[in-house]
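Participant: Sending over a structure as structure tokens; questions will come in a sec.
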Amino acid sequence: MFDVPMFFSCEDESLSANGVMNDGELSSRLGLPAIPTLSETKEVAQMSEVARFMGVKAVFLALATERSVEIIEEVKNIHLKSISKTKTPHLFLQTSIHHLMLTENLCNHYNTAAKIKPPLKSESTRTKLLKRVKRGEIELITSLQSAKSQAQKDLAFEEAAFGIDMIECFVPMCYTLFVKNERMNLSELSKILSLNPARALGFSEKGLIAEGYDADLILIDPKETCVMDNPDSPYNDWIFYGVVKEMFVEGKQCLGFYTHS
């Protein structure tokens, strides 16, 4: 039973309570109830210890603070002298593409488009998380897809819904950030988006373009761009590279689903 991954969404709701954005100077200036970092790190510490004790495979979902990563790295580095090797935990860390591209400053002027959970953090935290991804300490990236209607967003900040709808641009966003801006190569990007998720889920025949692996593929044009034309999006007017042109599932060609500028 321990081969099945456990998924942890780490939030202590008794601490986050009615918070709507990151706890910091900006939340104080805006007069908005805040979500403290401790609401995440407390649960990460507890759940990582549970995973270590049980020796299970665990995925920590949508981490947004560097301290959470530090806690799990400490657990990974513990030499489990009293526990057999068969109980060594396999811990996977995930963060969202939005926490690598955006900051809490977008919440200024009560911009509900930037209201997501976990809340957007400072530029310092964004930079540190990005470095952790590049070092391979954060293995998974999520789109944090949570589509909300305009009626749910066009409210006072405290009343507006958490969520963001960007799934259709997820691959171009990742390509633009990691390959175009951070000079990561396509093999490294493919590892983050395909191989690591396959390993976390225990899919031994997925995640690589190699003999013996399932032919689940996407074809992108690295030079083609798409422009986000949505005033209600925090990415309005952003330009993304790496438009997806085609998709293959088990070797069968599917229709392309991106439009471009």
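Participant: If I build a Gaussian network model for the chain, linking alpha-carbon pairs within less than 10 angstrom, which residue out of Glu25, Glu137, Glu224 has the largest mean-square fluctuation?
Facilitator: Glu25
Participant: For the stretch 3-122, max minus min Cα coordinate along each principal axis, in Å, sorted largest first?
Facilitator: Projected onto its principal axes, the Cα set of the stretch 3-122 covers 54, 26, 21 Å.
Participant: Order these peptides, 191-199, 159-167, by their mean beta-carbon neighbour count within 10 angstrom, highest first. The partial results should precede the final answer.
Facilitator: Working: 191-199: 18.9, 159-167: 17.3.
Per-residue mean Cβ counts within 10 Å order the peptides as 191-199, 159-167.
Participant: Give me the distance between the Cα centres of the stretch 94-162 and the stretch 201-248, rounded to whole Å.
Facilitator: Between the Cα centre of the stretch 94-162 and that of the stretch 201-248, the gap is 20 Å.
Participant: Which order do the peptides 33-41, 47-55, 111-119 come out in when sorted by mean C-beta neighbours inside 10 angstrom, highest first? Show your work: numbers first, answer last.
Facilitator: On the way: 33-41: 19.7, 47-55: 17.3, 111-119: 22.0.
The most tightly packed comes first, giving 111-119, 33-41, 47-55.
Participant: For the stretch 145-261, what % of the accessible area comes from carbon and sulfur atoms, probe 1.4 Å?
Facilitator: On the way: 3740 of 7160 Å².
C and S fraction of accessible area: 52 percent.
Participant: While we're on this one: Quick one: accessible area per residue over the chain, 1.4 Å probe, rounded to a whole number of Å²?
Facilitator: 53 Å²
Participant: Of Lys180/Lys245; Lys42/Lys121; Lys76/Lys134; Lys128/Lys206, which pairs sit farther than 22 Å apart, going by alpha carbon to alpha carbon?
Facilitator: Numbers: Lys180/Lys245 18 Å; Lys42/Lys121 17 Å; Lys76/Lys134 18 Å; Lys128/Lys206 30 Å.
With Cα atoms farther than 22 Å apart: Lys128/Lys206.
Participant: Of Ile164, Leu120, Asn230, which is farthest towards the positive pole of the chain's charge dipole, taken about the Cα centre with +1 and -1 on the beta-carbons of Lys, Arg and Asp, Glu respectively?
Facilitator: Final value for the positive-end residue is Leu120.
Participant: Where nothing but the Cβ of Lys and Arg (+1) and of Asp and Glu (-1) is charged, how large is the charge dipole of the chain around its Cα centre, in debye to the nearest 20?
Facilitator: 820 debye
Participant: Next question, about the same structure. Which values, in whole Å and largest first, are the semi-axes of the equivalent ellipsoid of the chain obtained as the square root of 5 times each eigenvalue of the Cα gyration tensor? Kindly include the intermediate steps, with their values, before the conclusion.
Facilitator: Numbers: eigenvalues 170, 158, 44 Å².
Each semi-axis is √(5λ); the values are 29, 28, 15 Å.
Participant: Something else now. Order the following by accessible area, largest value first: Leu102, Leu201. Probe radius 1.4 Å; ligands, DNA and RNA are ignored. Walk me through the intermediate numbers first.
Facilitator: Numbers: Leu102 10, Leu201 80 Å².
Result, largest first: Leu201, Leu102.
Participant: Over all distinct Cα pairs, what is the inverse of the mean 1/r for the stretch 149-261, reported as the Kirkwood hydrodynamic radius in Å? The partial results should precede the final answer.
Facilitator: Numbers: mean 1/r = 0.0626 Å⁻¹.
Hydrodynamic radius (Kirkwood, Cα pairs) of the stretch 149-261 is 16.0 Å.
Participant: Helix-only estimate, please: 222 nm mean residue ellipticity of the chain, summing -39500 (n - 2.57) across DSSP H runs of length 4 or more and dividing by its residues, to the nearest 500. Spell out each step's value before the answer.
Facilitator: Working: 10 runs with 74 residues, N = 261.
Roughly -7500 deg cm²/dmol at 222 nm, from the helical runs in the chain.
Participant: On the accessible surface of the stretch 1-46, probed at 1.4 Å, how many percent belong to carbon and sulfur atoms? Can you show the working numbers first?
Facilitator: Values: 1350 of 2600 Å².
The computed percentage sits at 52.
Participant: Hey, what do the phi angles of the stretch 113-122 turn into as Karplus ³J(HN,Hα) couplings, whole Hz, using 6.51/-1.76/1.60 and θ = phi - 60°, x for Gly and Pro?
Facilitator: Using θ = phi - 60°, the values come out as 4, 9, 8, 9, 10, x, x, 4, 10, 6 Hz.
Participant: Connecting C-alpha atoms closer than 10 Å in a GNM of the chain, tell me which of Gly31, Gly207, Gly136 has the biggest fluctuation.
Facilitator: Top of the fluctuation ranking is Gly31.
The values are calculated or read from the model by the stated rules, or taken from the named source; none is laboratory data. Being a predicted model, the structure only gives us computed values, none of them experimental. So basically every Cβ, Gly included, is an ideal-geometry build from the backbone, and we count neighbours across all protein chains shown. With ligands, DNA and RNA removed, areas are computed over all heavy atoms of the protein, side chains included. Shrake-Rupley method; radii C 1.70, N 1.55, O 1.52, S 1.80 Å.
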